[in-house]
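Chemist: This is the structure I want to talk about, given as structure tokens.
The values are calculated or read from the model by the stated rules, or taken from the named source; none is laboratory data. Given the structure is predicted, the values throughout are model-derived calculations rather than measurements. Note that each Cβ is placed from the backbone with ideal geometry, even for glycine, and that neighbours are counted across all protein chains shown. Keep in mind that these areas ignore ligands, DNA and RNA; they rest on the heavy atoms of the full protein, side chains included. Shrake-Rupley method; radii C 1.70, N 1.55, O 1.52, S 1.80 Å.
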Amino acid sequence: MNIQKQTDIRKLTLAAMLAALAYVVNVLCHLSIVPAAPFLTYDPMDVIIALGGLILGPFYALMITIVAAMVEWFTISDTGIIGFLMNVLSSGTFACTAAFIYHRKRTLKNAVLGLVAGTLVMVAAMLLWNYIITPLYMNVTREQVVAMLPTVFLPFNVIKGGLNAALTFLLYRPVIGMLRSAKLMPASKAPAKKMHIVPILVAALIVVTCVLVILSLKGII
């Protein structure tokens, strides 16, 4: 077996593992963020998908997204094909955008730019698609949906995107290290890069801020 085939098999294996993990965290962890819309729940599935995209590339990010969303559709989802479509749009726009930018040049700057761009694209896409699709399955008028865009859908997706981007950034290097230790990824030939404490602190601050905002919205603090 040549090196290219070994690499392809390793990537497919890792993508399958990440898709399974994304599904598991989706099943185990659901959190309602905006009290006015309990049907909008946060789960860390997009973090797993984005990590897969940063590691393997945008094509694999899309593949993991579709597989995880399809398994959810046929097992635990009560929203049918509409839920599947919205999951693919949300996860895919975030993870694929981040992976595309990062894989153009694997630098810290591009990782940050990719995650920020992924968040912005996801927020914009979901505002548009919630405007289009929400009246079809919630039995509400489009005028009601328009009123919900700035008060419900926008804050939900901003919190979701910010939390996912920050967690992905914080977990990327530890996950890479674990995958290399498990021989699921080849050892890096490049010299170890210096840790940059400022972006790590910023990402940690974003996570803490998002958690505090969620707790305040739920009336806990």
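Chemist: For the stretch 110-146, what are the residues that are β-branched (Val, Ile, Thr) and either open to solvent by less than 60 Å² (accessible area, probe 1.4 Å) or in a helix (DSSP H, G or I) (or both)?
Modeler: Passing the criteria: Val112, Val116, Thr119, Val121, Val123, Ile132, Ile133, Thr134, Val140, Val145, Val146.
Chemist: Oh, and also: So which residues in the stretch 34-48 are touching a Ser or Thr at 6+ places or on another chain (Cβ under 6 Å) and either in a loop (DSSP other than H, G, I, E, B) or exposed (fewer than 14 other Cβ atoms within 10 Å of the Cβ) (or both)? If you could, list the steps in order and put the result at the bottom.
Modeler: Restricting attention to the stretch 34-48, the residues satisfying the condition of being touching a Ser or Thr at 6+ places or on another chain (Cβ under 6 Å) are 38, 41, 46-47.
Across the stretch 34-48, the qualifying residue is only Pro38.
Chemist: Suppose the filter is assigned to a helix (DSSP H, G or I), over 16 Å from Leu171 (Cα atoms) and of a type in the set (Asp, Glu); does Asp8 pass it?
Modeler: In short, yes.
Chemist: Could you list, in sequence order, the residues of the stretch 11-33 that are open to solvent by less than 10 Å² (accessible area, probe 1.4 Å) and not in a helix (DSSP H, G or I)?
Modeler: Ile33
Yes/no matrix, rows are residues, columns are (1) out of contact with any Pro (no Cβ under 9 Å at 6 or more places or on another chain); (2) aliphatic (A, V, I, L, M):
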residue	(1), (2)
Thr107	yes, no
Val121	yes, yes
Ile132	yes, yes
Gln144	no, no
Met148	yes, yes
Phe156	yes, no
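Chemist: For the stretch 91-106, state whether one or more residues are over 14 Å from Ala61 (Cα atoms) and within 18 Å of the chain's Cα centre (by Cα). Outline the logic, then answer.
Modeler: Taking the stretch 91-106 as the starting set, the residues that turn out to be over 14 Å from Ala61 (Cα atoms) are 104-106.
From what is left, the residues that are within 18 Å of the chain's Cα centre (by Cα) are none.
No, the conditions are met nowhere in the stretch 91-106.
Chemist: Determine which member of the set Val198, Val158 is among the hydrophobic types (A, V, I, L, M, F, W, C), modelled with pLDDT of 95 or more, assigned to a helix (DSSP H, G or I) and open to solvent by 70 Å² or more (accessible area, probe 1.4 Å).
Modeler: Being among the hydrophobic types (A, V, I, L, M, F, W, C), modelled with pLDDT of 95 or more, assigned to a helix (DSSP H, G or I) and open to solvent by 70 Å² or more (accessible area, probe 1.4 Å) holds for just one of Val198, Val158, which is Val158.
Chemist: With the condition kept exactly as written, say whether any residue in the stretch 132-142 is within 23 Å of Phe39 (Cα to Cα) and either touching a Cys at 6+ places or on another chain (Cβ under 6 Å) or of a type in the set (D, E, K, R) (or both). Walk me through how you get there before you give the answer.
Modeler: Going through the stretch 132-142, the residues within 23 Å of Phe39 (Cα to Cα) turn out to be 132-142.
Going one step further and asking which of them are either touching a Cys at 6+ places or on another chain (Cβ under 6 Å) or of a type in the set (D, E, K, R) (or both), we end up with 142.
Yes; the residues of the stretch 132-142 include at least one that is within 23 Å of Phe39 (Cα to Cα) and either touching a Cys at 6+ places or on another chain (Cβ under 6 Å) or of a type in the set (D, E, K, R) (or both).
Chemist: Now a separate question. Kindly list the number of the only condition in (1) open to solvent by 60 Å² or more (accessible area, probe 1.4 Å); (2) more than 23 Å from the chain's Cα centre (by Cα) that fails for Leu217.
Modeler: So the condition that Leu217 fails would be (2).
Chemist: With the condition kept exactly as written, say whether any residue in the stretch 94-101 is assigned to a helix (DSSP H, G or I) and surrounded by fewer than 16 Cβ atoms within 10 Å (Cβ to Cβ).
Modeler: Scanning the stretch 94-101, I find no residue that is assigned to a helix (DSSP H, G or I) and surrounded by fewer than 16 Cβ atoms within 10 Å (Cβ to Cβ), so the answer is no.
Chemist: Also: How many of the residues in the stretch 161-195 are modelled with pLDDT of 80 or more and either loosely packed, with under 14 Cβ neighbours inside 10 Å or more than 22 Å from the chain's Cα centre (by Cα) (or both)?
Modeler: 6
Chemist: What are the residues in the stretch 28-58 that are among the β-branched types (Val, Ile, Thr) and modelled with pLDDT under 90, if any? Step through it out loud before you land on a result.
Modeler: Initial filter on the stretch 28-58 (among the β-branched types (Val, Ile, Thr)): 33-34, 41, 47-49, 55.
Scanning the stretch 28-58 gives Ile33, Val34, Thr41.
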